[in-house]
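Student: Before I ask anything, here is the structure I am working with.
The values are calculated or read from the model by the stated rules, or taken from the named source; none is laboratory data. In this text, all values refer to a predicted model and were calculated from it rather than measured experimentally. Counting neighbours? That spans all protein chains shown, and the Cβs are built from the backbone with ideal geometry, glycine included.
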Amino acid sequence: MSAATDLIVRYYEAIERRDLEAVLATTHAQVRFEDFLDGGEVDGLAAARDFYRRMFEFAPDLDLITVESLPDGRVRTEFQSSIHSPSGHLWSDTRQAAIYTLADGLIQGVELLGPTS
């Protein structure tokens, strides 16, 4: 496994554990990506901390399916995203894709591609 794919696997494992500090340990200080929860943009570690804290409130299950290193150095993933209501009812169960931009061995950008077929 390459360093890039290992980083992404650690990132998904940290999300699955809801381990905010471990997620941030995989995140570049100058991270920047679209806030797909509330709109706008996540810019920097403080904003990333707030974003992941809000994301963990939804308690999504993100099961990593594939990790692929792209020729330009980015990493593409496919994952199953399941979100349940507080009472346990399934709200959403979707296979999604994302592309990660890396810098200095950390995640600097996330592009959510949306559902895959």
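Student: Check R18, R49, R32 and return the single one that is of a type in the set (K, R), at pLDDT 95 or above and more than 19 Å from G114 (Cα to Cα).
Tutor: One residue alone meets the criteria, R49.
Student: Okay, next question. Restricting to segment 67-94, count the residues that are modelled with pLDDT of 95 or more and in contact with an Asp or Glu (Cβ under 8 Å, 6 or more places away or on another chain).
Tutor: Count: 3.
Student: Within the set of pairs 6 or more residues apart or between chains, which connect a residue that is part of a loop (DSSP other than H, G, I, E, B) inside segment 55-81 to a residue that is among the small types (G, A, S) with Cβ atoms less than 8 Å apart?
Tutor: P60/S81; P60/S82; G73/A4
Student: Within segment 95-117, which residues are out of contact with any helix residue (DSSP H, G or I) (no Cβ under 8 Å at 6 or more places or on another chain) and touching a residue at least 60 places away in the same chain (Cβ under 8 Å)?
Tutor: A103, D104, Q108, G109, V110, E111, L112
Student: Working only within segment 15-33, note down all residues that are closer than 13 Å to M55 by Cα and not in a loop (DSSP other than H, G, I, E, B).
Tutor: If the condition is that a residue be closer than 13 Å to M55 by Cα and not in a loop (DSSP other than H, G, I, E, B), then I15, E16, R17, L20, V23 are the ones that fit.
Student: Got at least one residue in segment 66-80 being surrounded by fewer than 16 Cβ atoms within 10 Å (Cβ to Cβ) and touching a His at 6+ places or on another chain (Cβ under 7 Å)?
Tutor: The answer is no; no qualifying residue exists.
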